[in-house]
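These notes concern the structure reproduced below.
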Amino acid sequence: MTKTVLHQVAEKRKRLPAPERRLEVVAAVLELARQSSPEGITTQAIADRVGVTHGALFKHFPDKEAMWAAVFDWVQEQLGAVIDNAFAVSGDPLTVLEHVFLEHVGFIAHHPGVPRILFHELQRPTDSAFHDRVRRMVGGYRQRLCKLLAEAKRTKQLSPTLDEEAAAVLFIGTVQGLVVQSTLFRGEAGMLAAAKRLFPLLLYGFRGIQS
């Protein structure tokens, strides 16, 4: 590649609109989180991944905390949209529940850096604005699951004695278990297939002993 072409590429990157550049930074953070611990991600590593100078990175974000805020905004918006759409699917409660489970796992399989970042924040010894956001996001998700499970009980798809709070925790915990499995063995590609095998077992546990 000639210097002229390199210069043209550099100029093209400089002209990239600010919102697109910020999305590039978010994508870089998520990819780096897939490969290493979130706490070890440096701003220099982010700049290198995006392909800009360290100084140019801070033209779009005042500090590293602002970059993390942008990442959380993206996760909350994108994962929230996936979950919202999954809950909105037509069908009986258990059909919806399966759809939510598979869509959630599918999102993580495509963005494996997301759970690493969320878990990292939840493991911090002191509360932070990000920690509170994750806690509220998970708490809201759990409440929606509880309502769906309660509806399944009402329509007699599940036992009236089912503890929906415990079932919701198990549901989320199963997704987290798949995340751990994929992290250990770099098996994101097989997460959805594994989820399809696991859901019937999860549902069997929810059904329990029918009266």
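The values are calculated or read from the model by the stated rules, or taken from the named source; none is laboratory data. Quantities reported herein were computed from a predicted structural model and do not represent experimental measurements. Cβ sites come from the backbone with ideal geometry, for glycine too, and all protein chains shown count toward neighbours. Accessible surface is based on the protein model in full, side chains and every heavy atom, while ligands, DNA and RNA are left aside. Shrake-Rupley method; radii C 1.70, N 1.55, O 1.52, S 1.80 Å.
List of remarks:
- Every pair of residues 6+ apart whose Cβ atoms lie under 9 Å, when the first sits in the stretch 35-56 and is within 22 Å of Ala18 (Cα to Cα) while the second is loosely packed, with under 12 Cβ neighbours inside 10 Å and of a type in the set (Lys, Arg): Val52/Lys14; Val52/Lys59; Ala56/Lys14
- Residues of the stretch 45-77 that turn out to be more than 20 Å from His131 (Cβ to Cβ) and open to solvent by 20 Å² or more (accessible area, probe 1.4 Å), as a count: 13
- Just one of the listed residues (Val82, Val71) is within 21 Å of Glu188 (Cα to Cα) and touching a residue at least 40 places away in the same chain (Cβ under 8 Å), and it is Val71.
This table checks each residue for (1) without any contact (Cβ under 8 Å) to a residue 40 or more places away in the chain; (2) open to solvent by 60 Å² or more (accessible area, probe 1.4 Å); (3) out of contact with any helix residue (DSSP H, G or I) (no Cβ under 6 Å at 6 or more places or on another chain).
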| site | (1), (2), (3) |
| --- | --- |
| Asp127 | yes, yes, yes |
| Val138 | yes, no, yes |
| Gln143 | yes, yes, yes |
| Ser159 | no, no, yes |
| Asp163 | yes, yes, yes |
| Ala167 | yes, no, no |
| Ile172 | yes, no, yes |
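- Selection count, the stretch 1-44, where residues are open to solvent by less than 60 Å² (accessible area, probe 1.4 Å), more than 14 Å from Met67 (Cβ to Cβ) and at pLDDT 50 or above: 4
- Filter result (in contact with a helix residue (DSSP H, G or I) (Cβ under 8 Å, 6 or more places away or on another chain) and assigned to a loop (DSSP other than H, G, I, E, B)) within the stretch 36-57: Ser37, Ile41, Gly51, Val52, Thr53
- Just one of the listed residues (Val75, Val89) is part of a loop (DSSP other than H, G, I, E, B) and closer than 30 Å to Lys147 by Cβ, namely Val89.
- One residue stands out among those in the stretch 184-202 that are within 12 Å of Ala109 (Cβ to Cβ), in contact (Cβ under 8 Å) with a residue 12 or more places away in the chain and surrounded by 14 or more Cβ atoms within 10 Å (Cβ to Cβ): the one that is farthest from the chain's Cα centre (by Cα), which is Ala194.
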